[in-house]
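Note sheet for the following structure.
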Amino acid sequence: MDRIYESVIYKNLLQYPQMFFLVGPRQVGKTTIAKKIQTKFQKSVYLNFDSVKDRQLILSGQSFIEDIFPLNILTDSQPLVIFDEIHKHKDWKNYIKGFYDLYRNHYKIIVTGSTRLDVFQSGGDSLMGRYFQYNIHPFSVSELISAENSVFLKDPSELSSEKFDKLFKYGGFPDPYNNTSDQYYNMWQSTRFKQLIHEEIRSIANIQEIYLLEVLSEILKSRAGQLLNSSNLAKQVGVTSQTVSRWTSILDRFYYCFMVRPWSKNVTRSLTKDPKIYLWDWSLIEDEGQKVENFIASHLLKFVNFYSDIGLGRFDFFYLRDIDKKEVDFLIVRDNKPFMIIESKSSETKLSKSIEHFRAQLQPSFSLQTVFNENFVSKSCFSGEIPLIVPAKTLLSQLI
């Protein structure tokens with residue numbers, strides 16, 4: 001199926017001279033997206049650093065590309081060069097910088113990675129100004145309805161109950177979503193976890209007590225939507241709190257989990273300490289309420305990342321909590337101003353008092369309580385200024 005990223009990345013590749021970095025979790029579809037964009041170019045080459053043949057070519061030096069696409073041959077358009085998993089090159093940043101500086105006027109460049117491509121940077125960012133980054137996410141409700149991405153806050157459109165339930169159960173990664181059987185899902189998850197921990201993280205992050213990192217990752221499955229308390233986790237895992245902080249940062253960088261931090265600006269008596277933690281793959285979560293909240297959080301993160309990536313504004317993602325224990329699950333900020341408050345509920349249809357409390361202080365454009373088990377409604381969640389209780393099926397269909 002088409003992804004929301006393909007058309008916008010292809011359009012921008014033709015329009016702008018920068019490289020395009022596609023980053024996201026293992027098996028989220030980065031390579032598939034890059035290869036579908038590749039089909040739109042008359043001339044292109046795909047190089048995977050995991051391939052011995054391709055790796056030898058890359059390590060021979062940047063000028064290898066001139067043997068594939070000679071510079072002295074006049075062409076109608078620039079060829080596309082795709083570097084897949086290049087972050088595994090120990091000096092990937094300088095290599096890509098050199099390649100871009102040499103050939104920016106001759107080739108279009110896509111770089112993919114299953115870790116955040118700033119993991120190994122130190123000192124100044126020598127890639128500054130040379131790339132645009134796109135965060136690739138799993139399937140979402142809106143994307144399963146349509147890959148259209150030109151409308152901000154879409155009109156509501158219903159996803160079938162079968163597809164919605166499948167997305168919630170198996171997650172949004174393409175393979176388990178498209179091969180919906182419990183047996184396939186279990187095999188895929190086991191293999192993916194081993195590859196992530198033992199191949200990716202162990203080889204690159206140089207963690208010796210890898211079995212304890214596995215313990216931490218299992219514990220985090222039961223902590224989705226909760227505050228990240230490094231001291232408590234340290235006691236459970238049997239390491240120091242500093243080690244837990246370092247390891248959760250690594251798991252975040254390798255797209256196992258993500259953090260949502262508290263917003264304090266213009267909030268009276270706010271708490272500004274611990275982040276809340278969520279998983280990129282909500283299907284791993286057993287508790288129904290936590291899974292619902294993580295499902296909503298994942299969709300909101302995708303919304304925030306996508307519209308930031310395409311330049312529609314500076315979007316960010318927080319939660320709200322004060323010392324009186326008033327709390328709202330999520331706050332989306334646009335250009336450093338509160339844009340949308342969202343409280344996540346499984347079935348509660350009475351408006352949370354905390355929404356009104358924080359709405360009075362922050363004056364966001366929209367204040368919503370989304371209810372997971374409510375049926376789809378064809379009216380927009382963004383049609384009025386008053387706080388609304390809305391079905392999750394409706395809200396998520398209007399995002400991205």
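The values are calculated or read from the model by the stated rules, or taken from the named source; none is laboratory data. Because the structure is a prediction, the values reported are computed rather than measured. Cβ atoms come from the backbone with ideal geometry, glycine included; neighbour counts cover every protein chain shown.
Structure data summary
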quantity: Long-range neighbours under 8 Å by Cβ, at least six apart or interchain, first residue in the same structural domain as Leu22 (by TED's automatic domain parsing) within segment 96-108, second assigned to a helix (DSSP H, G or I) and among the aliphatic types (A, V, I, L, M); calculated: Ile96/Ile86; Phe99/Ile65; Tyr103/Ile65; Tyr107/Ile65; Lys108/Leu13; Lys108/Leu14
quantity: Residue within segment 75-91 that is more than 23 Å from Leu117 (Cβ to Cβ) and either crowded, with 18+ Cβ neighbours inside 10 Å or hydrophobic (A, V, I, L, M, F, W, C) (or both) present; calculated: no
quantity: Residue in segment 154-177 that is over 19 Å from the mean Cα position of the chain (by Cα), modelled with pLDDT of 95 or more and within 26 Å of Asn12 (Cα to Cα) present; calculated: yes
quantity: Of residues in segment 200-221 being farther than 19 Å from Gly238 by Cβ and over 21 Å from the mean Cα position of the chain (by Cα), the one surrounded by the most Cβ atoms within 10 Å (Cβ to Cβ); calculated: Ser203
quantity: In segment 282-293, the residues that are more than 13 Å from the chain's Cα centre (by Cα) and part of a helix (DSSP H, G or I); calculated: Ser283, Leu284, Glu288, Gly289, Gln290, Lys291, Val292, Glu293
quantity: Inter-residue pairs, beta-carbon under 8 Å, first on the phi > 0 side of the Ramachandran plot and in segment 170-195, second assigned to a helix (DSSP H, G or I), 6+ apart; calculated: Gly171/Tyr177; Gly171/Trp282; Gly171/Ser283; Gly171/Leu284
quantity: Matching residues in segment 356-372 - criterion: being buried (at least 17 other Cβ atoms within 10 Å of the Cβ) and not hydrophobic (A, V, I, L, M, F, W, C); calculated: His357, Arg359, Pro364, Ser367, Gln369, Thr370
quantity: Any hit, segment 320-330, residues being closer than 28 Å to Glu162 by Cα, touching a Ser or Thr at 6+ places or on another chain (Cβ under 8 Å) and not basic (Lys, Arg); calculated: yes
quantity: Verdict on Ser140 being among the polar types (S, T, N, Q) and under 15 Å from the mean Cα position of the chain (by Cα); calculated: yes
quantity: Residues located in segment 317-344, provided they are within 16 Å of Met259 (Cα to Cα), charged (D, E, K, R) and within 20 Å of the chain's Cα centre (by Cα); calculated: Asp329
quantity: Of residues in segment 1-39 being of a type in the set (A, V, I, L, M) and part of a strand (DSSP E or B), the one farthest from Asn149 (Cα to Cα); calculated: Met19
quantity: Test result for Phe152, touching a residue at least 24 places away in the same chain (Cβ under 8 Å), surrounded by fewer than 21 Cβ atoms within 10 Å (Cβ to Cβ) and either acidic (Asp, Glu) or in the same structural domain as Asn373 (by TED's automatic domain parsing) (or both); calculated: yes
quantity: Verdict on Arg261 being closer than 30 Å to Arg202 by Cβ and under 13 Å from the mean Cα position of the chain (by Cα); calculated: no
quantity: Any hit, segment 40-51, residues being modelled with pLDDT of 95 or more, among the hydroxyl-bearing types (Ser, Thr, Tyr), farther than 30 Å from Arg202 by Cα and not assigned by TED's automatic domain parsing to the domain that holds Glu200; calculated: yes
quantity: Hits in segment 73-83 (condition: modelled with pLDDT under 95 and either acidic (Asp, Glu) or touching a helix residue (DSSP H, G or I) at 6+ places or on another chain (Cβ under 8 Å) (or both)); calculated: Asp76
quantity: Segment 132-169: number of residues that are of a type in the set (Ser, Thr, Tyr) and in contact with a helix residue (DSSP H, G or I) (Cβ under 6 Å, 6 or more places away or on another chain); calculated: 4
quantity: Residue in segment 164-176 that is among the aliphatic types (A, V, I, L, M) and assigned to a loop (DSSP other than H, G, I, E, B) present; calculated: no
quantity: Residue in segment 16-30 that is surrounded by 15 or more Cβ atoms within 10 Å (Cβ to Cβ) and more than 30 Å from Tyr170 (Cβ to Cβ) present; calculated: yes
quantity: Total residues in segment 212-251, condition assigned to a loop (DSSP other than H, G, I, E, B) and in contact (Cβ under 8 Å) with a residue 40 or more places away in the chain; calculated: 7
